[in-house]
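**Q** Quick one: this structure, given as structure tokens, is what I'll be asking you about.
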Amino acid sequence: MDTRPLVEALSEQERQRLLDTDYAWKTTEGVQRLGLDLHTRHPVLEDHPEGPIVRFSCNNLIRDDDDPVAELQDRWHKSFERDHVAVDYRERDMLVWDNWRLLHARNAFSDRNRHLRRIQIAG
């Protein structure tokens, strides 16, 4: 799901808070199973010459229950559930997306032969 409409719909106060507040982000469970536990702090939104960087997660952003970003998580999650585009792919397919711009998720899977590779390409 494209984040541009979500960012454009933010109030100026929300936008500024997302730019100014550094949040702690926890390592995903899959990466932890590989023995890595990375610690990082970033704002949810960052202005970049090539366009805004959106860092968002309903699972890995560490926050207090009363943090205003909790409402944003709920609002963006509902938008994602309503507006995302599901992608079906088969063996040997390749899916490429802009990780600074798109919200993405995956469904549970049971195929133990499934193997995904992640490649990062610097700008």
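**Q** So what's Rg/Rh here for the chain, counting alpha carbon atoms and using the Kirkwood radius for Rh?
**A** Working: Rg = 15.8 Å, Rh = 16.4 Å.
Reported Rg/Rh (Cα atoms, Kirkwood Rh): 0.96.
**Q** Let a ≥ b ≥ c be the square roots of the eigenvalues of the Cα gyration tensor of the range 31-85; is it rounded (a/c under 1.5), or, if not, prolate (a/b larger than b/c) or oblate?
**A** Rounded shape, in that the Cα axes give a/c under 1.5.
**Q** Count charges around ASN60 for me, please; just the other residues with Cβ under 11 Å from its Cβ, Lys/Arg as +1, Asp/Glu as -1.
**A** Net of charged neighbours comes to +2.
**Q** If you don't mind, there's one more thing I want to ask. By how many nm would the segment from TYR89 to HIS48 grow when fully extended, if each residue of separation counts as 0.36 nm and the alpha-carbon distance is taken off?
**A** Net length gain for the segment: 11.6 nm.
**Q** In addition: I need the calculated FRET efficiency for the pair ASP74 and ARG33, taking r as the beta carbon distance and R₀ as 22 Å, to the nearest 0.05.
**A** After rounding, the FRET efficiency stands at 0.20.
**Q** For helix 69-83, what angle does its Cα long axis make with the longest principal axis of the chain, in degrees from 0 to 90 and rounded to 10?
**A** Result, in degrees: 50.
**Q** Here's another thing I want to ask about it. Could you check the spin-label model distance between ASN60 and GLN13? Points 7 Å from the Cα along Cα→Cβ, value in nm.
**A** The two pseudo-label positions are separated by 3.1 nm.
**Q** Separate question: Going highest first, how would you order 20-31, 103-114, 53-64 by mean Cβ packing within 10 Å? Present the calculation step by step, with values, prior to reporting the outcome.
**A** Values: 20-31: 13.1, 103-114: 8.2, 53-64: 14.9.
Final packing ranking: 53-64, 20-31, 103-114.
**Q** Extending each Cα 7 Å along its Cβ direction at GLU81 and ILE121, get the distance between those two points in nm, one decimal.
**A** 3.4 nm
Here, each number is a calculation from the coordinates, and none is a lab measurement. Note that this is a predicted model, so its numbers are computed, not measured. All Cβ positions, even for glycine, are placed from backbone atoms using ideal geometry, and neighbour counts span all protein chains on display.
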